[in-house]
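Below is one structure, written out as structure tokens, with a few remarks after it.
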Amino acid sequence: MKRRDFLINTAAVTTLAGIGGISLNSCSNFGSKQITILHTNDVHSHIDPFPNSHSQYPNLGGVARRAALVEQIRNENPNTLLFDAGDIFQGTPYFNFYGGELEFKLMSKLKYDAATIGNHDFDNGVDGLLAQMPYASFEMLSANYDFSNTVLDGYVKPFKTYVVDEIKIGVYGLGIALDGLVTKRLYKETQYLNPFEIALDIERQLKEEERCDLIICLSHLGYDYENPQRPSDTQLAQRTYHTNLIIGGHTHTFLEKPHVRTNQNGDSVLVNQVGCYGLNVGRIDFYFDAAKKTTTQGVSISV
């Protein structure tokens with residue numbers, strides 16, 4: 001497996017000061033509690049590895065290899081969470097034939113903890129997505145899609161909290177505007193809400209009411225755009241107050257390291273995305289000390 005260090009060298013890390021922000025520090029500050037975050041995005045129904053003859057990704061990817069990698073990391077650190085940032089469906093005949101059933105069954109076997117909803121996850125409509133929900137043992141999270149007037153009402157949560165080794169982690173989901181990407185007959189009465197306004201409300205709730213030590217957004221907005229009117233992960237990072245990590249999707253952006261943006265408190269936010277098709281798994285380790293201040297390291301692992 002090929003590892004690409006997200007940081008300049010192994011002596012450089014990113015420190016997340018409990019209530020405060022992220023700044024550079026040294027490995028000597030690693031805390032006693034380690035929380036590992038693994039993540040994928042835009043897998044697009046790629047179950048098998050690419051063939052040896054593929055011009056770009058020969059013999060790369062595949063769910064079996066991802067499963068082995070995830071199992072290895074969980075054996076090293078049981079305090080591990082696994083997330084996906086959307087576009088689980090569409091891209092190979094597996095989706096055309098099974099409609100998403102296989103994708104959800106395999107993600108459940110890998111014990112994903114949560115995923116957000118991408119635009120291609122509507123490709124068989126809200127009814128088609130609902131039909132696959134029984135095969136998903138993980139949470140589907142989306143805070144800015146209002147499904148109240150659809151069959152998905154009650155099946156998708158805005159956020160989920162996890163307690164891992166006494167560290168409370170809040171995770172919420174955000175989706176891209178569907179108009180222009182998905183035909184109305186597929187998403188029906190799903191209402192798209194402003195992701196920035198929703199994010200501010202959800203992260204405040206997670207910080208002040210749920211008392212989360214770490215807040216993560218699963219975003220299918222896209223990493224960044226030339227058009228400043230299009231909501232993106234980089235804009236989201238700069239507009240929020242309490243979100244510590246944004247795990248992104250949609251733009252198939254291969255980041256060599258998580259990028260850092262400054263939020264409204266003047267603190268730093270990690271923004272990450274690991275390309276597409278299950279070629280990579282993102283890994284970010286948070287080390288908490290007794291005061292719940294943290295040090296983080298990030299690595300991209302090719303599957």
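Readers should treat all values here as calculations from the given coordinates under stated rules, not as data from a laboratory. Everything quoted here is computed from the prediction, not taken from an experiment. Glycine also receives a Cβ, built like all others from the backbone with ideal geometry; neighbour counts cover every protein chain displayed.
Here are the numbers:
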| item | result |
| --- | --- |
| Gyration tensor verdict on the stretch 241-303 (Cα atoms; rounded if a/c is under 1.5, prolate if a/b is larger than b/c, oblate otherwise) | oblate |
| Förster radius 22 Å - calculated FRET efficiency between Asp289 and Asn75 (Cβ-Cβ, nearest 0.05) | 0.35 |
| Residue-averaged 222 nm ellipticity for the chain, from DSSP H runs of 4+ at -39500 (n - 2.57), nearest 500 | -5000 deg cm²/dmol |
| Two-decimal ratio, the chain, of alpha-carbon radius of gyration to 2.2 N^0.38 Å | 0.94 |
| The stretch 29-151: C-alpha gyration tensor shape, a/c 1.5 cut-off, then a/b vs b/c | oblate |
| C-alpha center-to-center spacing [the stretch 229-303, the stretch 153-171] in angstrom | 18 Å |
| Convex hull volume of the stretch 175-274 per residue (C-alpha atoms, cubic angstrom) | 111 Å³ |
| Most to least packed among 187-198, 275-286 [average Cβ atoms within 10 Å] | 275-286, 187-198 |
| Kirkwood-based shape ratio for the stretch 124-175, expressed as Rg/Rh from alpha carbons | 1.04 |
| Whole-Hz couplings from phi, Karplus 6.51/-1.76/1.60, listed for the stretch 135-147; x for Gly and Pro | 8, 9, 8, 9, 7, 9, 10, 7, 8, 10, 9, 8, 9 |
